[in-house]
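Okay, so here's the structure we're looking at.
The values are calculated or read from the model by the stated rules, or taken from the named source; none is laboratory data. Remember, predicted model here, so these are calculated numbers, not experimental data. Positions of Cβ are generated from backbone atoms using ideal geometry, with glycine treated the same way; all protein chains shown enter the neighbour counts. The protein model used for the area step is the full one, side chains on, heavy atoms only, and it has no ligands, DNA or RNA in it. Shrake-Rupley method; radii C 1.70, N 1.55, O 1.52, S 1.80 Å.
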Amino acid sequence: MIDVKGLTRYYGEKRAISDVTFHVNKGEILGLLGPNAAGKTTTMRILTCYMPPTSGSAKVGGYDIFDESLEIRKITGYLPENPPLYTDMTVDDYLTFVSKIKGVEKKRIKSEVDTVVEKASIGDVRDRIIGKLSKGFKQRVGLAQSLINNPQIVILDEPTVGLDPKQIIEIRQLIKNLKGDHTVILSSHILPEIEQTCERVVIINEGKVVAEDTVENLTNRLRGVQRITLLIEGNEDSIKQALQPISDIQKLDFAAKKDDLIREVVVESEKDIRKDLAKAVVNNGLGLLELSTERFTLEEIFLHLTTKEEVA
Amino acid sequence: MRATLAIFQKEFKSFFYSPIAYVILALFTALTGVFFYLYLSSFVEASFMDTIRAQQYGMAPQKFNVNLMLIRPYFWNIALISLFTLPTITMRLYSEEKRLGTVELLYTTPITPTQIVLGKFLAGVAFYVVLLIPTMFFQSLLFIYGDPEFLPVLSGYIGLFFLGSAFISVGLFISTTTENQIIAAIGGFGLSLLLWVVGWGANFASSTIKSVLGYISIINHFEDFAQGVVDTSHIAYYLLFCFIGLYFSLKMVESVKWRA
């Protein structure tokens, strides 16, 4: 449904995204995950034809973003990071206006507005002026706007920002309900959100795609990594020398110095190497004071991917 | 067409959402009202004095022409007040969209920049027509108590309509260049004023430049309308003027999209 190939976009000298490539299947919910300023918004703006890429190409619903932008805009609904609301209008007036510019037939406008108002559960505030609504309601009005005219493709830029926990659950449920009929791209920097709503995830960091996989595969792949923290008596060089023969160590870090003699060492490995570590330390005449293991949390996997590219 | 209409309706309604529209309406009506009163009383005084003088010297009283002495200068006056008022109408036309971030909505829905610009321009013109209604009421008093010619009044309003549209196209263009309404207002007023006074310098220039500057000047083309002459060459000037203003606005709207 959406095919992105080698998108690159410069803002003046600064490169916002580079060579972004991914694919979204029909009826699927894709999560676009990345820290702030990673290029999520830029990617979405290009896909919604808000602005063109510097190079690369993309097809949305089979239409080219350069040549058939009008067709794309007819079949997509878009919720930007800051919901584009006319703050002095009422919710009803606003949604009616959006229906008109989206080309909804005159006699269908009323029912269309009713439908999205119900979907976003904003029935109680229909006659209120948007500027007077709380952040959460504004966000929902923005979401309602993006669903007008039943678009095949829905692109949501951080849809749950500024909502309270109850509202977040509701919005996530709403997004999940879009699955099947709509193709959804959703961006977020919150991992659990992506994990709960999306089937597949594309992780972007510093403008580059660092991983594209199903949520399950991604977590499994990294959950296998074990992190072992050791407290060793000895100096850095001798510790390095002692641990060198263990080939399964993927990464070795010296944490902050405790005191002159005792060092904290963090080791990562896919295999269980606790015994080997202990043996190596003791055999080299160093004192092993502590050894503990931990598994990666989801947040850490995310950090892992976005800060250490070589792991991905 | 429907999208243009949607933009037009939204824009026109939104004038009245904020207090600005009411303040402008009130001030415009008050100012044009005061000037109408001043012109009317000086006209009445002049004709009254003439009647007395005629009686004293046993002569027939002069016939005073309302169109010439009252209505014509009054149209000039409305034109001048419009120069100051219209930038406050046009300032928010586009810069508001930029400030609110709603350009992101407009650009990602199937509506073209031409429809956006045209809808906004027409909304501005429609509001200007609303502004002129009270002055029509003032002038209708002349028809109730006096006997002015009607057609020069009509041509005066046609002139004001075109002049106002030209100012609005200038203001809309300035509004597309900034998200700051104050800058949009000052810029719109400055450019309008420049186009108004550019003809004044013409007298000191050589004949070619003189005719060019005189032609560019936005107010020179208004003169004939105020005098009761509807000349198609002046209408053509104003249409061309609006077209250029809208064309530049359109290019700005498009270029903002490409620059993002």
key: Dipole magnitude of chain A, debye to nearest 20 (Cβ charges: Lys/Arg +1, Asp/Glu -1, about Cα centre)   = 940
request  = Report the local net charge at A:VAL282: Lys and Arg +1, Asp and Glu -1, summed over other residues whose C-beta lies under 15 Å from its C-beta.
outcome  = 0
key: Cross-link partners of A:LYS179 among aspartates and glutamates (Cα-Cα below 16 Å; sequence separation of 8 or more within a chain)   = A:GLU28, A:GLU170, A:GLU193, A:GLU195, A:GLU199
query = Sorted by accessible area with a 1.4 angstrom probe, largest first, how do A:LYS176, B:LYS98 fall?
reply = A:LYS176, B:LYS98
request  = Compute, for A:LYS271, the solvent-accessible surface of its heavy atoms (probe 1.4 Å) with the complete set of protein chains present, and express it in square angstrom to the nearest 10.
outcome  = 120
query = For the stretch A:225-295, what is the convex hull (Cα atoms) projected area averaged across all directions, in square nanometres?
reply = 4.1
inquiry  = Could you compute the net charge surrounding A:THR90? Neighbours are other residues with a C-beta less than 11 Å from the C-beta of A:THR90; K and R count +1, D and E count -1.
reply    = 0
inquiry  = Longer than 19 Å from Cα to Cα, which of A:LYS240/A:LYS279; A:LYS106/B:LYS10; A:LYS135/B:LYS13; A:LYS74/A:LYS106 are they? Say none if no pair is.
reply    = A:LYS135/B:LYS13
ask   = At a probe size of 1.4 Å, how large is the accessible area of B:PHE143, to the nearest 10 Å²?
value = 70
query = Expressed as an acute angle from 0 to 90° and rounded to the nearest 10, what is the orientation of the C-alpha long axis of helix B:19-57 relative to the principal long axis of chain B?
reply = 10
task = May I ask for the angle, rounded to the nearest 10°, between helix B:151-176 and the longest principal axis of chain B, with both axes built from Cα atoms and the value confined to 0 to 90°?
result = 30
key: C-alpha long axis of helix B:232-259 to longest principal axis of chain B, angle in °   = 20
note = Descending packing, highest mean Cβ count within 10 Å first, for A:126-132, B:130-136 is B:130-136, A:126-132
request  = Would you list which aspartates and glutamates come within 19 Å of A:LYS107, measuring only between C-alpha atoms, while excluding same-chain residues fewer than 8 positions from it?
outcome  = A:ASP92, A:ASP93, A:GLU118
remark   = Note, B:TYR238: beta-carbon cut-off 12 Å, +1 each Lys/Arg, -1 each Asp/Glu, net -2
task = Past 20 Å, Cα to Cα, is the threshold; run A:LYS138/A:LYS166; B:LYS98/B:LYS120; A:LYS138/A:LYS208; A:LYS208/A:LYS271; A:LYS251/A:LYS271; A:LYS26/A:LYS59 against it and keep the listed order.
result = A:LYS138/A:LYS208; A:LYS208/A:LYS271
query = If amide H atoms are built 1.01 Å from N in the plane of the peptide, which residues on other chains or at least 5 residues away come under 5 Å of the amide H of A:VAL154?
reply = A:GLY77, A:THR183, A:VAL184, A:ILE185
task = At a probe radius of 1.4 Å, figure out the A/B buried accessible area, summed over both chains, and give it in Å² to the nearest 100.
result = 2700
inquiry  = Can you pull out the trypsin sites (Lys or Arg not before Pro) in the stretch A:10-90 whose DSSP state is coil and whose Cβ has at most 13 other Cβ atoms within 10 Å?
reply    = A:LYS26
